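Working notes, structure below.
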Amino acid sequence: MVLDSKLRSSLVLPAVCAPMFLVSNPNLVREACLAGIIGAIPRANARSLDVFEGWLAGIGEARAERLASDPAARIGPVAVNLLTRLPEEELDHEIEVCRRHGVEIFISATGNPALVTQRVHAQGGKVYHDVTSFKFARKAIDAGVDGLTCIGSGGGGHSGTINHLALIPRIRRIFDGTVLMAGGISTGAAIRAAEVLGADLAYMGTRFIATQEAGVDPAYHQMLLDSTSADLSYTGGISGVPANWLVKSMERVGLDPANLPHPNGKGVNHDHLPEGVQPWKNLWSAGQGVELIDDIPSVADLVVRLRREYVEACETADMADVARLADLAQQTARVSAAEDR
Ligand SMILES: Cc1cc2nc3c(=O)[nH]c(=O)nc-3n(C[C@H](O)[C@H](O)[C@H](O)COP(=O)(O)O)c2cc1C
């Protein structure tokens, strides 16, 4: 495990409320941080840098107030998902504004993270980069990133296709920085599973869409409650890049999920969709963790529940480990005795 001890001790749970376009808002991020996990937000969700700075300032005030009333409170940090395609000077300015408000962790999700890593490091921050394959992981490692967010199959948003059971241990073998496991995590037991596989942090999106603070249409919430993984379509036909989409949201805007129009060209675009139909805005994404979502709690209540489940999973694993180790020791002794004879 490679997690900064200062960061780990600020958390009640090794988890991140992942950045989500049009979903993450200052309320969601503030409540995630106050509940004791990392709260991440895309810079793109604010219409200007000034607005975004106001959000960061508001979250900073809430943190300070909580610490004043409870100095021992565990409060998670804010992480910012940067707009990475900016000219260098603008990128530097955005990082500087975030740094001014205490942001240390920056998330880059697309392209080669070399430039963003260099610029963030120059200002003393850390970069976690999204990867869906070993090839992209190697590229990001070469670029000097501090963390790899490994998006396995069944994740919300632009998801990968590799099973976490193979993805996480394989990445852990080649990378000694912070490893984050993303995709399909809805429970505290899954957070523990991420650690067992070799990850340091669990990166959770869909589960946090289904909270009171997420800024989404009530119909999106209802769709999460009504959907299972059978109601997801993993397709590049919506945004141009493969992602998991709620089929019911396609039907709701009059699209035929079996006959989606073809995107024009490569990369993220949606010129091919009918007027007024837009990915993220009225075409909604979710990961397979939707199977386990049947309520819309507050973030605070959700984190308490996740922590309870996580602790239970740790305790269960420990008891099972003790029994398994005793059995293993007995078998080893028997094999050794047989060899000696
Ligand atoms: C609606 C939605 C919007 C997303 N937007 C972004 C984004 O703007 N930037 C980003 O880095 N990842 C984005 N993601 C991916 C999440 O950060 C995270 O990797 C993913 O949700 C994890 O999978 P899960 O939803 O199964 O938990 C988005 C995911 C969803 C579901």
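Descriptive notes on the structure:
- Selection from 110, 150, 167 lying farthest towards where the dipole of the range 91-208 points positive, charges on Cβ: 167
- Peptide packing for 23-35, 132-144, 271-283 was compared via the average number of neighbouring C-beta atoms within 10 Å per residue; ordered from the highest value, the list is 23-35, 132-144, 271-283.
- Under the membrane-span-like helix rule (DSSP H runs whose alpha carbons stretch at least 24 Å along the helix axis, mean Kyte-Doolittle hydropathy -1.0 or higher), the chain yields 49-69, 299-340.
- DSSP bridge pairs, the chain: antiparallel proportion in percent, nearest 5: 15 percent
- Qualifying lysines (Cα of each under 26 Å from Cα of residue 281; at least 8 residues distant if same chain): 248, 266
- Stokes-Einstein D (µm²/s) once Rh is taken as the Kirkwood radius of the range 1-153 over alpha-carbon pairs, at 10 °C in 1.306 mPa s: 101 µm²/s
- Aspartates and glutamates with Cα under 16 Å of residue 6, excluding same-chain neighbours fewer than 8 positions away: 104, 146, 200
- Antiparallel %, DSSP beta bridges [both residues in the range 128-277], to 5: 30 percent
- Residues residue 65 and residue 304, FRET efficiency given R0 of 25 Å [Cβ-Cβ distance, rounded to 0.05]: 0.80
- With neighbour counts taken as other beta-carbon atoms within 10 Å, the residues 187, 211 rank, fewest first, as 187, 211.
- Ranked by how many other Cβ atoms sit within 10 Å of their own Cβ, fewest first, the residues 159, 69 fall in the order 69, 159.
- The coefficient of translational diffusion for the chain, derived via Stokes-Einstein from the alpha carbon Kirkwood radius under 25 °C and 0.890 mPa s, stands at 117 µm²/s.
- The distance from the alpha carbon centre of the range 230-301 to that of the range 1-75 is 27 Å, rounded to a whole number.
- Report summary: the helix-based calculation at 222 nm, which adds -39500 (n - 2.57) for every DSSP H run with n ≥ 4 and divides by the residues of the chain, gives -13500 deg cm²/dmol.
A short reminder: the numbers here are calculations on the coordinates, not readings from a lab. Given the structure is predicted, the values throughout are model-derived calculations rather than measurements. For neighbour counting, all protein chains shown are included, and Cβ atoms are generated from backbone atoms with ideal geometry for every residue, glycine included.
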